[in-house]
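Data block below; observations after.
Any read-out appearing in this document is the output of simple, stated calculations on the displayed coordinates, not a laboratory observation. It should be emphasised that the depicted structure is a prediction, and the values quoted were computed from it without experimental measurement. Cβ coordinates were reconstructed from backbone atoms using ideal geometry, including for glycine residues, and neighbour counts include every protein chain displayed.
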Amino acid sequence: MNVDAFWELIEQSARETGTKDARLTWLHEKLTGQPAEEILDFASWMQEARLKADTYMVWGAARTLQLVGSLDSVWYFHMWLVGLGRQTFERVTSDPDALADVPEVQRYLHLKRHRIPRTDEDWPEFEELDYVAMKVWRQVTGLDWDALVDALQMRGYVLDSLPNPTDEEWNLDDEEAARRLPRCTGYIRELYGRA
């Protein structure tokens with residue numbers, strides 16, 4: 001499975017289903033029919049995406065827009081960003097300030113700002129997307145999670161349990177975020193009527 005096939009699966013799961021749970025089921029069914037090497041490829045591309053999203057700039061943009069809180073929520077946000085598809089993912093990881101322009105982000109923030117009840121579908125987290133390959137791997141190979149981790153490590157991946165950004169570290173406070181992420185900062189200030 002190449003990177004294009006990976007992203008096609010992610011995007012097709014969104015086109016052909018209506019909920020996060022349905023997407024997980026769809027992906028599970030599609031991957032179950034694949035050989036173990038393809039499942040490992042899928043897991044590898046997921047790791048590549050995670051590495052690309054795991055930056056202080058993406059974290060800062062998500063924090064500025066009040067999309068994340070705990071370290072775990074940053075992890076789950078990365079998977080949600082993957083779930084939005086390749087074009088959005090690439091745009092935001094290349095220019096994290098563009099997160100303010102993502103329609104799904106704007107919709108979520110509108111609901112939050114106006115205290116409109118939000119469902120799991122609205123929430124900018126998709127933790128379970130990270131577990132699809134593991135579950136299929138277990139079903140197809142009969143091997144456990146450790147065997148998949150070992151196979152990924154053989155490909156050079158180190159699986160972290162929490163975000164581990166590799167770009168320039170900076171203080172994610174409001175003043176620094178305003179300088180580095182002017183669109184995100186401006187959007188959230190306008191939304192809440194703050195100058």
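Tabulated data
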item: 18 Å Cα-Cα reach of K112 towards aspartates and glutamates, excluding residues that sit fewer than 8 places from it in its own chain; result: D101, E104, D120, E121, D122, E125, E190
item: Quotient of Cα Rg and 2.2 N^0.38 Å for the stretch 3-191, N being how many residues it contains; result: 1.06
item: Area projected by the alpha carbon convex hull of the stretch 1-80, averaged over all directions, nm²; result: 5.9 nm²
item: Ranking of H110, H78 by count of other Cβ atoms within 10 Å, fewest first; result: H110, H78
item: Average Cα contact separation per residue, the chain, under 8 Å, 6 or more apart, as relative contact order %; result: 32 percent
item: Euclidean distance between Cα centres, the stretch 98-134 to the stretch 3-67, Å; result: 15 Å
item: Long-range Cα-Cα pairs in the stretch 98-195 (distance over 20 Å), rounded percent; result: 61 percent
item: Dipole in debye (nearest 20) - the stretch 3-191, about Cα centre, beta carbon charges: Lys, Arg +1; Asp, Glu -1; result: 640 debye
item: Largest to smallest principal axis extent of the C-alpha atoms in the stretch 48-100, angstrom; result: 26, 19, 16
item: Nearest-0.05 FRET efficiency for E169 and T32, computed from C-beta distance (R0 30 Å); result: 0.15
item: Hz values of 3J(HN,Hα) by residue in the stretch 49-65 - Karplus curve (6.51, -1.76, 1.60), Gly and Pro given as x; result: 5, 4, 4, 5, 7, 7, 10, 5, 5, 5, 4, x, 5, 5, 5, 4, 8
item: Inter-label distance, nm, simple model (7 Å from Cα along the C-beta direction), D21/D72; result: 2.0 nm
